[in-house]
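What follows is a short report on a single structure.
The values are calculated or read from the model by the stated rules, or taken from the named source; none is laboratory data. None of the values given here were measured: they were computed from a predicted structure. Cβ: placed from backbone, ideal geometry, glycine included. Neighbour counts: every protein chain shown.
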Amino acid sequence: MTEPTGAGEPRLRILVDADACPVKEEIYRVALRRGVPVVVVSNAWLRVPAHPLIERQVVSDKFDAADDWIVAQATVRTVVITGDILLADRCLKHGAAVIGHNGKPFTSASIGGALATRAIMADLRVGGDVVGGPAPFTKADRSRFLQALDEALVRLSR
């Protein structure tokens with residue numbers, strides 16, 4: 001199932017950048033169905049289901065503490081769930097699969113464009129321009145997320 005398949009090969013698991021994550025329930029559902037452990041990482045205590053496959057990891061409230069913890073754990077057998085583009089970039093460099101809350105995967109081919117857009121938007125905000133935030137989260141995003149997570153777990157379990 002998700003046990004190590006070779007000497008020293010890490011176990012498949014899901015790491016969740018949990019602060020402001022709108023798809024935690026969906027993550028739990030898919031993970032429990034597939035028997036994949038989940039680590040919910042946050043700067044403060046969050047309620048998680050009482051289940052042996054679901055672990056809560058509370059880190060310090062130091063800037064980027066949750067991101068740093070997730071990056072340190074990211075491997076080629078990890079699916080990272082985050083809406084943070086900088087964290088996604090760092091995890092991709094460790095070989096992890098990374099999925100945004102809206103179900104769109106971050107890939108080595110797409111992360112450059114996402115980083116550039118983020119930088120442009122930050123420059124506009126600094127310059128005093130009023131720019132909108134992310135689009136509202138929709139049922140289609142939730143559905144796309146469920147499909148993307150399931151596909152990533154199937155791909156990594158091979």
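Tabulated values for the structure
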read-out: Pairs where the first residue, in the range 135-158, is among the hydroxyl-bearing types (S, T, Y) and the second is surrounded by 10 or more Cβ atoms within 10 Å (Cβ to Cβ) and not in a helix (DSSP H, G or I), C-beta under 7 Å, 6+ apart; value: S157/T2; S157/L12
read-out: Answer from K93, K62 - the residue that is loosely packed, with under 11 Cβ neighbours inside 10 Å and modelled with pLDDT of 90 or more; value: K62
read-out: Single residue of the range 20-50 satisfying the filter (assigned to a loop (DSSP other than H, G, I, E, B), closer than 19 Å to G103 by Cβ and in contact with a strand residue (DSSP E or B) (Cβ under 8 Å, 6 or more places away or on another chain)) that is modelled with the lowest pLDDT; value: C21
read-out: L86 being hydrophobic (A, V, I, L, M, F, W, C), surrounded by fewer than 22 Cβ atoms within 10 Å (Cβ to Cβ) and not in a loop (DSSP other than H, G, I, E, B); value: yes
read-out: Any chance A114 is part of a helix (DSSP H, G or I), modelled with pLDDT of 90 or more and within 22 Å of L146 (Cβ to Cβ); value: no
read-out: Hits in the range 51-83 (condition: without any contact (Cβ under 8 Å) to a residue 24 or more places away in the chain, charged (D, E, K, R) and not in a helix (DSSP H, G or I)); value: E55, R56, D61, K62, D64
read-out: Given (1) more than 20 Å from L15 (Cβ to Cβ); (2) surrounded by 11 or more Cβ atoms within 10 Å (Cβ to Cβ); (3) modelled with pLDDT of 75 or more, index of the condition L124 fails; value: (3)
read-out: Subset of the range 66-83 (residues that are closer than 15 Å to A20 by Cβ and surrounded by fewer than 22 Cβ atoms within 10 Å (Cβ to Cβ)); value: D67, G83
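One line per residue, one yes/no per condition, for (1) among the aromatic types (F, W, Y); (2) in contact with an Asp or Glu (Cβ under 7 Å, 6 or more places away or on another chain):
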position: L12; (1), (2): no, no
position: D19; (1), (2): no, no
position: V41; (1), (2): no, yes
position: W45; (1), (2): yes, no
position: R56; (1), (2): no, no
position: V98; (1), (2): no, no
